[in-house]
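The structure appears below as structure tokens.
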Amino acid sequence: MEFQSCFDIIGPIMVGPSSSHTAGVVSIGRFIYELLGGCPEEAEIIFYDSFAETYQGHGTDKALIGGLLGMDTDDSRIKHAVELTKQYGLCYEFSLEDSCLEYEHPNTTVVTAKRGEWIVKVGGVSLGGGLSKIFMIDDEQFDIRLSTSDDFSILAASYRPYLIKGPISEGS
Amino acid sequence: MEIRSMNELVEVCERERKTIGEVMLMMEEEKSGRDKEAIIGMMEERLIKMKEAVDSGIKDPSTAPSGISGGDAVKMHNYVKQGKALSGSYISDAMTFSLATSETNARMGVIVATPTAGAAGILPGVLFSLHKNGDTSYKELVMGLFTASMLGYVIANRSFISGAAGGCQAEVGSAAAMAAGVIVELKGGTPEQAVNATAIAMKSLLGLVCDPVAGLVEVPCIKRNVIGTSIAFSAADLSLAGVESRIPCDEVIEVMYKVGKDMPRALRETALDGLAMTETGKKVKERLFGKKS
């Protein structure tokens with residue numbers, strides 16, 4: 001029973017065009033933002049399968065970046081998230097792969113993000129209708145359900161102990 | 001309380017003497033711990049956002065950034081206003097409102113996913129047409145959204161609602177099926193008749209593939225939303241007339257799941273086959289992303 005609430009079906013209120021390829025992905029990015037306690041400085045993003053094939057048309061890249069910048073699913077700035085990365089100091093890189101070995105689903109992404117001395121690798125899957133799930137944090141399996149009506153800052157707080165300290169880059 | 005099937009849903013409704021919408025509301029109260037007024041308020045907010053998407057789409061002649069959609073809601077609206085529509089006012093208004101919402105979605109405007117953004121046009125189309133043509137109040141429309149979410153909840157947990165997972169039958173199919181049930185309930189049909197309409201609508205869309213041109217939620221998605229509203233009204237009419245689905249709703253949902261599982265990856269929102277791979281579809285993709293396929 002992945003869907004638990006009437007608002008998982010009617011909702012989220014979101015910018016288009018796709019609940020699975022846009023809204024659900026904003027949530028994954030936003031979870032990482034909350035996990036790191038703010039916008040990362042660096043992010044390596046892998047899109048798999050359907051995400052890899054259609055991310056441009058659905059604005060999946062804008063959605064993930066929007067989330068990493070701390071935006072919600074109905075934030076009209078998502079449209080311009082890519083242009084806003086400079087202002088927020090986020091450097092990012094995308095790569096595309098056929099299928100995700102860690103989780104079998106067409107809408108999967110793995111993001112490695114760094115903020116200050118913290119570095120984290122997070123696997124997320126968008127289940128449809130704006131509902132998502134974090135299935136991995138730093139190679140450990142998880143089952144963290146993300147519904148847009150949840151408060152991600154509270155949710156993410158309990159997973160902070162899983163953050164590992166990365167190599168301290170110069171100037172940080 | 002937990003509802004796992006349409007059968008169970010009808011049983012609970014009959015036992016508790018409640019509508020499908022009321023059962024959803026009761027379950028939400030129990031699961032979320034929020035009080036009834038707060039839950040209804042959240043649903044009202046969604047209805048208002050839907051209305052705003054319809055209102056902005058209906059008068060916006062601009063095209064989406066891709067250039068392959070937009071402006072059709074204005075055309076349809078004018079055509080209907082001139083009294084030319086053949087379908088009757090319920091369906092032709094639903095088609096117009098649905099177009100308006102789906103075009104707003106393609107412009108990256110704010111919409112409400114019902115159950116997904118790709119299928120976001122169908123429910124608002126049907127609901128605001130019921131309001132305009134049948135004096136269904138906003139209060140009743142809000143209850144209709146609870147009905148829709150209950151039906152969608154069962155479908156989503158037994159099968160799927162996204163095109164990437166199960167093809168367009170899971171997306172537009174689920175939305176049309178939900179909408180059919182809502183029409184029946186708002187028009188005074190029994191829970192059994194509502195579930196019956198859900199089954200009929202879903203059967204009509206079984207096997208529909210997800211093949212968006214250039215991966216955009218525009219072609220053919222927008223028009224499939226529009227046609228989805230007609231299927232919802234037809235299914236509701238059949239059910240309200242006393243016609244039954246020969247295959248029970250739970251079994252139809254199971255078939256939708258199996259068909260979706262068997263559907264090739266190329267026809268599940270990857271834009272690798274179907275309409276996306278027509279001569280025209282390929283040209284659009286090349287023009288937009290410069291990628292030869």
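The values are calculated or read from the model by the stated rules, or taken from the named source; none is laboratory data. Source: prediction; values computed, not measured. Ideal geometry is used to build each Cβ from the backbone, glycine not excepted, and the neighbour counts take in all protein chains shown. Calculation scope for accessible area: heavy atoms of the full protein, side chains included, ligands and nucleic acids excluded. Shrake-Rupley method; radii C 1.70, N 1.55, O 1.52, S 1.80 Å.
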Scanning the stretch A:108-142 for residues that are assigned to a loop (DSSP other than H, G, I, E, B) and closer than 19 Å to B:Cys210 by Cβ, the one modelled with the lowest pLDDT turns out to be A:Gly129
Residues of the stretch A:64-107 that turn out to be among the basic types (Lys, Arg) and without any contact (Cβ under 8 Å) to a residue 60 or more places away in the chain, as a count:
2
Among all residue pairs at least 6 apart or on different chains, which show Cβ distances below 7 Å where the first residue, located in the stretch B:245-270, is modelled with pLDDT of 95 or more and open to solvent by less than 30 Å² (accessible area, probe 1.4 Å) and the second is assigned to a helix (DSSP H, G or I) and of a type in the set (Lys, Arg)?
B:Ser245/B:Lys203; B:Val252/B:Lys203; B:Ile253/B:Arg158
Given the criteria within 26 Å of B:Phe128 (Cα to Cα) and either within 14 Å of chain A (Cβ to nearest Cβ) or in contact (Cβ under 8 Å) with a residue 40 or more places away in the chain (or both), does B:Ile3 qualify?
no
Pick out the one residue from A:Ile10, A:Ile28 that is modelled with pLDDT of 95 or more and under 11 Å from the mean Cα position of the chain (by Cα).
A:Ile28
Scanning the stretch B:224-244 for residues that are among the charged types (D, E, K, R) and touching a residue at least 12 places away in the same chain (Cβ under 8 Å), the one least open to solvent (accessible area, probe 1.4 Å) turns out to be B:Arg224
Those residues of the stretch B:95-117 which are part of a loop (DSSP other than H, G, I, E, B) and either open to solvent by 10 Å² or more (accessible area, probe 1.4 Å) or more than 7 Å from chain A (Cβ to nearest Cβ) (or both), in sequence order
B:Arg107, B:Met108, B:Gly109
Sole miss for A:Val110 among (1) open to solvent by less than 10 Å² (accessible area, probe 1.4 Å); (2) within 14 Å of chain B (Cβ to nearest Cβ) is condition (2)
Within the stretch B:11-39, the residues that are more than 10 Å from every other protein chain (Cβ to nearest Cβ) and under 21 Å from the mean Cα position of the chain (by Cα) are B:Thr19, B:Ile20, B:Glu22, B:Val23
Every residue from the stretch B:73-94 that is part of a helix (DSSP H, G or I), surrounded by fewer than 20 Cβ atoms within 10 Å (Cβ to Cβ) and in contact (Cβ under 8 Å) with a residue 24 or more places away in the chain
B:Ser89
Have a look at B:Leu145, B:Leu151, B:Leu216 and point out the one that is more than 8 Å from every other protein chain (Cβ to nearest Cβ) and among the hydrophobic types (A, V, I, L, M, F, W, C).
B:Leu151
What are the residue pairs meeting all of these: first residue in the stretch B:51-71, first residue at positive phi, second residue part of a helix (DSSP H, G or I) and open to solvent by less than 30 Å² (accessible area, probe 1.4 Å), Cβ atoms under 6 Å, and 6 or more apart or on different chains?
B:Gly70/B:Glu103
Check the stretch B:185-206 and report whether any residue there is surrounded by 24 or more Cβ atoms within 10 Å (Cβ to Cβ), in contact (Cβ under 8 Å) with a residue 60 or more places away in the chain and within 14 Å of another protein chain (Cβ to nearest Cβ).
yes
Selection status of B:Ala165, within 14 Å of chain A (Cβ to nearest Cβ), small (Gly, Ala, Ser), touching a residue at least 24 places away in the same chain (Cβ under 8 Å) and open to solvent by 10 Å² or more (accessible area, probe 1.4 Å)
yes
For the condition under 19 Å from B:Ile183 (Cα atoms), open to solvent by 60 Å² or more (accessible area, probe 1.4 Å) and assigned to a helix (DSSP H, G or I), what is the one hit in B:Glu44, B:Glu30, B:Glu52, B:Glu37?
B:Glu44
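Look at B:Met42 and say whether it is farther than 30 Å from B:Pro248 by Cα and facing another protein chain (nearest Cβ under 9 Å).
The answer is yes for B:Met42.
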